[in-house]
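Asks: The structure follows.
The values are calculated or read from the model by the stated rules, or taken from the named source; none is laboratory data. This one's a predicted model, so the numbers in the text were calculated from it and none came from an experiment. All Cβ positions, glycine included, derive from the backbone under ideal geometry; neighbour counts span all protein chains shown. With ligands, DNA and RNA removed, areas are computed over all heavy atoms of the protein, side chains included. Shrake-Rupley method; radii C 1.70, N 1.55, O 1.52, S 1.80 Å.
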Amino acid sequence: RSKASGRNQFQFFTADMNAHALERLALENDLHRAIERGEFRLVFQPQFDGSGDIVGTEALLRWQHPQRGLVMPAQFIPVAEETGLIVPIGAWVLERACQQTRAWREAGLKKITVSVNISALQFSQKNLLDLIRRLLAVSHIEPGTLELELTESVLMHDHVATSGLMSELKEMGVRMSIDDFGTGYSSLSYLRSFPISKLKIDQSFVRDLGGDGDAGAITGAIIGLAKNLNMRVIAEGVETAQQASFLQGQCCDEFQGHFFSKPVSAEKLAELLRAG
Ligand code: C2E
Ligand code: MG
Ligand code: MG
Ligand code: MG
């Protein structure tokens, strides 16, 4: 009996694995065609300074799948990274973000920074610099308008290549920030040697503010570190007035999160900018 049920379990397990592998293969297939089929779009989450003005926005990718519906980044970015598809997808994101920035400027809207998430694999591509240079030239936007959000893992890669690319980007005037800061393993002395203009405090620390844990000490330490290194600092995932005022009390420069605004369409962001 135990043998039989063991075998059943095994069959169940493999059937499950096959289903998972097939589903993953299907997703990968669809992802391959998503760009040419025009299924991607960007939404924009505004970033606010301490006085409540919009000073920037983060471009976030959305996949509108004909059958699956709206697919969120957590469901497809990891697959895109594993398959290398993040390189063409990321190039599409950069191009759209630059076009949109251009459109906002042509509409006479206030200048804000536009942040784009860059995967480690994308950042290791030889032609990234040329791509960005070309996109900036074609869209006629000031390089300082574009901010690349890198993760700590990027800093851990090949130090010489990474800092070389970062120096060239800085030379062009493009800004760089570290996303999800505090969750990786970047050494603090390392941090100093890169031309980074902003730290983004990871939302996990913001979420835990007001509890009896160490979150407040950690956000305070990150804000202090940023000030000492002459960087700006933004808190991500701010969901409550309490979190916002606590961070403001710690002299955090900028804020992003549902308490202020969810990610919105480009049109809606333009409205928010017009409303002031
Ligand atoms: P991220 O770069 O850290 O982006 C912040 C994420 O937190 C976004 O999720 C945003 O919608 C969400 N968020 C903002 N405010 C709040 C809040 O108050 N509460 C909560 N619970 N969440 C909030 P989203 O859009 O689902 O993106 C998830 C991740 O996917 C991003 O994290 C980023 O790592 C990645 N991603 C998104 N777009 C791109 C892209 O174009 N390229 C690459 N390489 N990665 C991307
Ligand atoms: Mg980000
Ligand atoms: Mg983040
Ligand atoms: Mg993240």
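Asks: What is the ratio of the Cα radius of gyration of the stretch 106-197 to 2.2 N^0.38 Å, with N the residue count, to two decimals? Could the numbers behind the result be given before it?
Replies: On the way: Rg = 13.6 Å, N = 92, 2.2 N^0.38 = 12.3 Å.
Here the answer is 1.10, to two decimals.
Asks: Find the lysine pairs in the chain meeting two conditions, Cα atoms under 28 Å apart and a separation of 8 or more places or different chains, and report how many there are.
Replies: Lysine pairs meeting the criterion: 25.
Asks: Additional query: Using a 1.4 Å probe on the protein heavy atoms, what percent of the accessible area of the chain belongs to carbon and sulfur? Walk me through the numbers before you get to the answer.
Replies: Values: 7470 of 14300 Å².
On the chain, the fraction of accessible area on carbon and sulfur atoms equals 52 percent.
Asks: Using helices alone, I'd like the mean residue ellipticity at 222 nm for the chain: each DSSP H run of four-plus residues gives -39500 (n - 2.57), total over residue count, nearest 500.
Replies: That comes out to -16000 deg cm²/dmol.
Asks: Cα axis of helix 128-139 to longest principal axis of the chain: angle in degrees, 0 to 90, nearest 10?
Replies: Between helix and principal axis, roughly 60 degrees.
Asks: Continuing with the same structure: Where does helix 215-228 land angle-wise versus the long Cα axis of the chain, in degrees 0 to 90, nearest 10?
Replies: On a 0 to 90 degree scale, this one is about 50.
Asks: Using a 7 Å offset from the Cα along the Cα-to-Cβ direction at both residue 74 and residue 99, what is the distance between the two label points in nm, to one decimal?
Replies: 2.9 nm
Asks: When ligands, DNA and RNA are left out and all protein chains stay put, how many square angstrom of accessible area per residue does the chain have with a 1.4 Å probe? Can you show the working numbers first?
Replies: Details: 14300 Å² over 276 residues.
Normalised by residue count, the accessible surface of the chain is 52 Å².
Asks: Same structure, new question: What number results when the radius of gyration of the stretch 9-157, computed over Cα atoms, is divided by 2.2 N^0.38 Å?
Replies: Values: Rg = 18.0 Å, N = 149, 2.2 N^0.38 = 14.7 Å.
Normalised by 2.2 N^0.38 Å, the Cα Rg of the stretch 9-157 equals 1.22.
Asks: Using the basic label-point model (7 angstrom from Cα toward the beta carbon), what is the residue 107 to residue 272 distance in nanometres?
Replies: Inter-label distance under the simple model: 1.3 nm.
Asks: Given the alpha-carbon gyration tensor of the stretch 24-112, what are the semi-axes of its equivalent ellipsoid in whole angstrom, ordered largest first, with each equal to the square root of 5 times an eigenvalue? Spell out each step's value before the answer.
Replies: Values: eigenvalues 166, 39, 26 Å².
Semi-axis lengths for the stretch 24-112 are 29, 14, 11 Å.
Asks: Can you list the residues, at least 5 places off or on another chain, whose amide H is less than 5 Å from the amide H of residue 233, using H built in the peptide plane?
Replies: 199, 253, 254
Asks: Given a 1.4 Å probe and heavy atoms of the protein chains only, how would you sort 214, 180, largest accessible area at the top? Display every interim value, and only then the final one.
Replies: Values: 214 110, 180 50 Å².
Order by accessible area, largest first: 214, 180.
Asks: Follow-up question, since we're still on this one. With 10 Å bins from zero, work out the P(r) of the chain over every alpha carbon pair and list the percent per bin.
Replies: Reading upward from the zero bin: 6, 26, 32, 22, 8, 4, 1, 0.
Asks: For the residue pair residue 163 and residue 14, what label-to-label distance in nm results when each label sits 7 Å from Cα along the Cα-to-beta-carbon direction?
Replies: My value for the distance between the label points is 5.3 nm.
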